[in-house]
Amino acid sequence: MAQPARPPTGYPSQNGAGQQPYSNGPVQNQLMHSSDGQGYSPSVPGLYSHQTPAKVPPHQTSGQYNYSGSQNVSQLNNYQGPGQTLNRPPVAHFSGSPVQQTGPVPQVLLPALQNSAAISSAGSFPPGASPPVLSNWQYSQTPVSQPVGSQTSHLAHMTGTGSAQSPSSLSGNTNPPGNYQYAASPGGPPLQNSYMKPGSAPPPVTQPLTPLHPPARPPLGPPPVGGPPLIRPSTLTAGPPNTQSLLNSAANRDGDATSAASDGSVVQNSYDAIEGGGLMATPHPSPAPPNLKMNRSVGYSYPTLPPGYQNTSPPGAPGMQASALQYPDGSKHFHQPALGTNHLTASMAGLSLQQEGLRPVNLLQERNILPMTLLKAPVPNLHEDIQKLNCNPELFRCTLTNIPQTQALLNKAKLPLGLLLHPFKDLSQLPVVTSSTIVRCRSCRTYINPFVSFLDQRRWKCNLCYRVNDVPEEFMYNPVTRVYGEPHKRPEVQNATIEFMAPSEYMLRPPQPPVYLFVFDVSHNAIETGYLNTVCHTLLDNLDLLPGNTRTKIGFITFDSTIHFYSLQEGLSQPQMLIVSDIEDVFIPMPENLLVNLNENKELIQDLLRTLPQMFTKSLETQSALGPALQAAFKLMSPTGGRISVFQTQLPSVGMGALKSREEPNQRATAKDIHLTPSTDFYKKLALDCSGQQVAVDLFLLSGQYSDLASLGCISRYSAGSVYYYQSYHHKHNPVQVEKLQKELKRYLTRKIGFEAVMRIRCTKGLSIHTFHGNFFVRSTDLLSLPNVNPDAGYAVQMSVEESLTDMQVVSFQSALLYTSSKGERRIRVHTMCLPVVTTLSEVYLGADVQAITGLLANMAVDRSVSATLSDARDALVNAVIDSLSAYRSSVLSIQQPGLMAPFSLRLFPLYVLALLKQKAFQTGTNARLDERIFTMCQVKNQPLVYLMLMTHPSLYRVDNLTDEGALNINDRTIPQPPILQLSVEKLSRDGAYLMDAGSVMFLWIGKNCGQSFISQVLGVPNYGSIPQNMTHLPELETAESIRTIAFISWLREQRPFFPILYIIKDDSPLKSSFLQNMIEDRTESALSYYEFLLHIQQQVNK
């Protein structure tokens, strides 16, 4: 296939694509591809195709990091911003050529077009037409009637004039070099519950996500029953009827995904367009069966009722009252349950019943508040028929399961509102829809889901923006039941989590092949640790299990003070090493032979992996040129995208990105002077370049010395990679780390992976998302760029109530993740969650999810530590407890009682915050090394909530008396379920054995007087004195006690993606201090006990 013409070197395409075969690098098969080609325009800074909401001033800027640099650095402000006017045929009709819009466009605020892709669903193909495929790996997005050659760049006409922004805002990036900032949110509500500094959050703009197909269930809204007046069907594809002229004048806000390079080639350039716009909601109509002549112009308006919930049954009526709509032509009656007040489990107006979640708990008196089993997420107060369709809380969870109706009510509660997501989690059951019709709201681009309302068989109302949409003809047939005329029973409307096979409209180029590049530190220090032997052997063992297909490519780079490439050209008898010693200006020798097909060159690859560990054993080179090695890796990967796995064992010392030690052990105790911020922006800039070319970088740091993880970690954070840290790794001196690296590397190599992904989170009109947490780069305000997505990554977002949710009984949230699978399929995974809206403070507290609140606060505290100081972050955490309990005491408790009162739902809040303060990320004292602290902060930002909570508040079990009572039976194994104990030494008995599960590490503490049977039958030694000092494995013995104990520990380990080392400790063990450090409720040298902490909180609350 002919390579596409490359843009000239000076062309400011995204991420400096001057040297790549693809203009704009591997343009990620965008989540928001539109059939008429919306996109980023490389010459217009700060532009984002977003229909500006009425509350946001027209000068609002997009929320990505901006910087201007001299080298090939991604033009990060090239992503479309609000108010951009781009050229596209008006949505009401198909036109042969785009309307040229060269003058300033009035800032039109369309009531129904709240989100970015508001108009995109119109599409630009005549019915039945499909986009012609260009020969240069890019799907044409031009209307069929328009010749491809005529699609010239309209960007020149638009710069400074084609946008509602002021000319100066378009003239270029005005930020100083290296300055990365979120744009402040002008005009929005103050972010009361935020620990972010003012101006650190992107604008409060909710961008809609892509549509989805869930399995079958009646949707939530009632069908019309009576005689509301008929209204004329709208001829528009987006927006209410009265916006027709406005749409024509504000021609094509959705944007043009094509921009022309100076050589005249068409450059497809859009991430935002794919997920947010396109032809997806206008499938090619297929003729209806002749006997079914549905009247498509049946339209009812409900002017006096809340949007989406008409004809609700009275409170006393049965929950799911169905009403039928008679069709004159004899077609089937349409049954759909009503969603109204009766869909909440209890009328929550007066809360006459004292629910358990609101029962006041005196924390100073009730000591045994920790549940004996793992705490589960609270169940939203919805009707069971709705709740059973809701998203699994392991995937999608909100800090408040009762959403406050106004920002004022949220501010009064003093609790943070946000979402925690685990969007790519491994699932045992996942409905996959292969239909070519992906039904989405034409206005806000929400995917159809279980919480939409069907007004009749032919129309559905969006649960996010309330627009009424037509049901496409293809959607009338249910492939599961093989019945026509039951769209509400299709899988898309029956499952809150679903995956679509995406059609070509969701691609800007064919899906990329899986490409894996391994970059190894081979300096003297690295060889001394012995890590290379472990890594190469693990890779050899799992080569056939790497996710991929016949197109999978692999390559290797090693480095010390120079960079070594390995030619794996077919026909060579052995791999050929090519050394580049000029690290100031790195070039790629023989690029065509360095990344090779895994299947076709497997023998050469295996040969290289066998010989690599021995090749550098006599090396005396101590320098480390990590920066140049990463630059070389980036150049090699840019044409395709993929994953770089880099292994580093020391501080980089030569070339670009060289660092100096900043750790002073004696100053570890002071929270003031520790270096949590990067010392250079080299790694961040390189990561952003990688992100633009669909390359993610995963960092494995195996170091006994300070390596400045605060700086190095940026390479993974902004490229959507992961960080792994093996402190003091050494194959002889620290052999237990070898097993940990082997196990975790096997998981890393074999787990599923998504390439060139983007994710967007949408929420009901009135709510807005303003801050994101996790490893990614934020494009265009609310689109997360994820060059790689893995099943072990979690994300969090903060939200605010931008407009009052009056008349709404429920709100919905939807995340859509568009990615390329390792098999080369373009897929969209969608999760939708529905929660009730409440009007009183007591109801807000009733629905508080204390674990989700703790997880979100931890993310906010990491940001606060970096932007301000560690002590500021600690103070903010303590104040969060004081403020919420003060608000509860003053506004909810009717009778003031002595003691420290908390609602039952928040009874564990002070305990969890104290646990955070004692965690390595936020603790004071000299225990934590700086890299260790930074790594823990990385984990807080990147781990799903379930693992973060385990790491924050470990689980303690007594294991010397395990029984089968209450045990689980999994795959013929019996797994004991001992109760969870409080984390206090007073719960330990010298005649017992206790297992502490702290997430990434486990401790088995053996009491001095532990029973002889446990010591001999589980540990396999004759007596307590014979237990070895460094024991890390339990022998597999043929005794009931041994089988039970090993089964329990194995079961705990299997539930997480990392491998916790098991340390077996006695009273005189050096690791006993680490074990006791995790006793959260006890006093330590630098932190209060739980009881002292409660007294401190009480003193502040009672002020």
Inset, instruction - Please enumerate the residues belonging to region 476-492 that are hydroxyl-bearing (Ser, Thr, Tyr) and under 15 Å from Thr437 (Cβ atoms). - result: Tyr477, Tyr484
Inset, instruction - Go over the candidates Asn549, Asn525 one by one and state the one that is of a type outside the set (A, V, I, L, M, F, W, C), at pLDDT below 95 and in a loop (DSSP other than H, G, I, E, B). - result: Asn549
Inset, instruction - Within region 1080-1098, track down each residue that is of a type outside the set (A, V, I, L, M, F, W, C), surrounded by 15 or more Cβ atoms within 10 Å (Cβ to Cβ) and in contact with a Ser or Thr (Cβ under 9 Å, 6 or more places away or on another chain). - result: Glu1081, Asp1082, Ser1089, Tyr1090
Inset, instruction - Please go through region 1049-1079 and pick out each residue that is over 35 Å from the mean Cα position of the chain (by Cα) and open to solvent by less than 40 Å² (accessible area, probe 1.4 Å). - result: Ile1064, Ile1065, Lys1066, Asp1067, Ser1069
Legend entry - Out of Ser707, Ser711, sole residue that is under 24 Å from the mean Cα position of the chain (by Cα), open to solvent by less than 10 Å² (accessible area, probe 1.4 Å) and farther than 24 Å from Gly555 by Cβ: Ser711
Legend entry - Residue satisfying all of: in region 1017-1034; assigned to a loop (DSSP other than H, G, I, E, B) and open to solvent by 40 Å² or more (accessible area, probe 1.4 Å); farthest from Leu1004 (Cα to Cα) among these: Pro1022
Inset, instruction - Could you identify the single residue in Gln623, Gln631, Gln650 that is open to solvent by 10 Å² or more (accessible area, probe 1.4 Å) and assigned to a helix (DSSP H, G or I)? - result: Gln631
Legend entry - Residue that is open to solvent by 20 Å² or more (accessible area, probe 1.4 Å) and touching a helix residue (DSSP H, G or I) at 6+ places or on another chain (Cβ under 7 Å), where the choices are Leu545, Leu539: Leu545
Inset, instruction - Tell me which residues, restricted to region 429-450, are open to solvent by 10 Å² or more (accessible area, probe 1.4 Å) and not β-branched (Val, Ile, Thr). - result: Gln429, Leu430, Pro431, Ser435, Ser436, Arg442
Inset, instruction - Go through (1) in contact with a strand residue (DSSP E or B) (Cβ under 8 Å, 6 or more places away or on another chain); (2) open to solvent by 10 Å² or more (accessible area, probe 1.4 Å); (3) outside any loop (DSSP other than H, G, I, E, B) one by one and return the number of the condition Lys752 breaks. - result: (3)
Legend entry - First in region 573-585 and farther than 20 Å from Ile605 by Cβ, second anywhere and open to solvent by less than 90 Å² (accessible area, probe 1.4 Å) and not in a loop (DSSP other than H, G, I, E, B), Cβ under 6 Å, 6 or more apart: Val580/Ile563; Ile583/Pro628
Inset, instruction - Can you work out which of the residues in region 575-617 that are closer than 19 Å to Ser638 by Cα and among the acidic types (Asp, Glu) is most open to solvent (accessible area, probe 1.4 Å)? - result: Glu592
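What residue, of Ser716, Ser645, Ser691, is assigned to a strand (DSSP E or B), at pLDDT 95 or above, hydroxyl-bearing (Ser, Thr, Tyr) and under 23 Å from Asn790 (Cβ atoms)?
Being assigned to a strand (DSSP E or B), at pLDDT 95 or above, hydroxyl-bearing (Ser, Thr, Tyr) and under 23 Å from Asn790 (Cβ atoms) holds for just one of Ser716, Ser645, Ser691, which is Ser645.
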Legend entry - Positions within region 860-885 being among the β-branched types (Val, Ile, Thr), under 22 Å from Ser711 (Cβ atoms) and crowded, with 19+ Cβ neighbours inside 10 Å, in sequence order: Val862
Legend entry - Evaluation of Val736 against (1) of a type outside the set (Lys, Arg); (2) open to solvent by 10 Å² or more (accessible area, probe 1.4 Å); (3) on the phi > 0 side of the Ramachandran plot (one fails), failing number: (3)
Inset, instruction - Considering every residue within region 767-777, establish whether at least one is under 24 Å from Ile448 (Cα atoms) and not small (Gly, Ala, Ser). - result: yes
Legend entry - Test for Asn469: is it touching a residue at least 40 places away in the same chain (Cβ under 8 Å) and more than 17 Å from Gln494 (Cβ to Cβ): yes
Inset, instruction - Would you be able to tell me the number of residues in region 1073-1103 that are touching a Leu at 6+ places or on another chain (Cβ under 8 Å), among the hydrophobic types (A, V, I, L, M, F, W, C) and part of a helix (DSSP H, G or I)? - result: 5
Inset, instruction - Of the conditions (1) open to solvent by 10 Å² or more (accessible area, probe 1.4 Å); (2) of a type in the set (Val, Ile, Thr); (3) assigned to a strand (DSSP E or B), Thr806 clears all except one; give me its number. - result: (3)
Legend entry - Sole residue being among the basic types (Lys, Arg) and closer than 30 Å to Arg482 by Cα, chosen from Arg367, Arg397, Arg359, Arg458: Arg458
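The values are calculated or read from the model by the stated rules, or taken from the named source; none is laboratory data. Values in this document were obtained by computation on a predicted structure and should not be read as measured data. A quick note on method: Cβ atoms are made from the backbone with ideal geometry, for glycine too, and the neighbour counts reach across all protein chains shown. The area values use the complete protein model at the heavy-atom level, side chains included, leaving out ligands, DNA and RNA. Shrake-Rupley method; radii C 1.70, N 1.55, O 1.52, S 1.80 Å.
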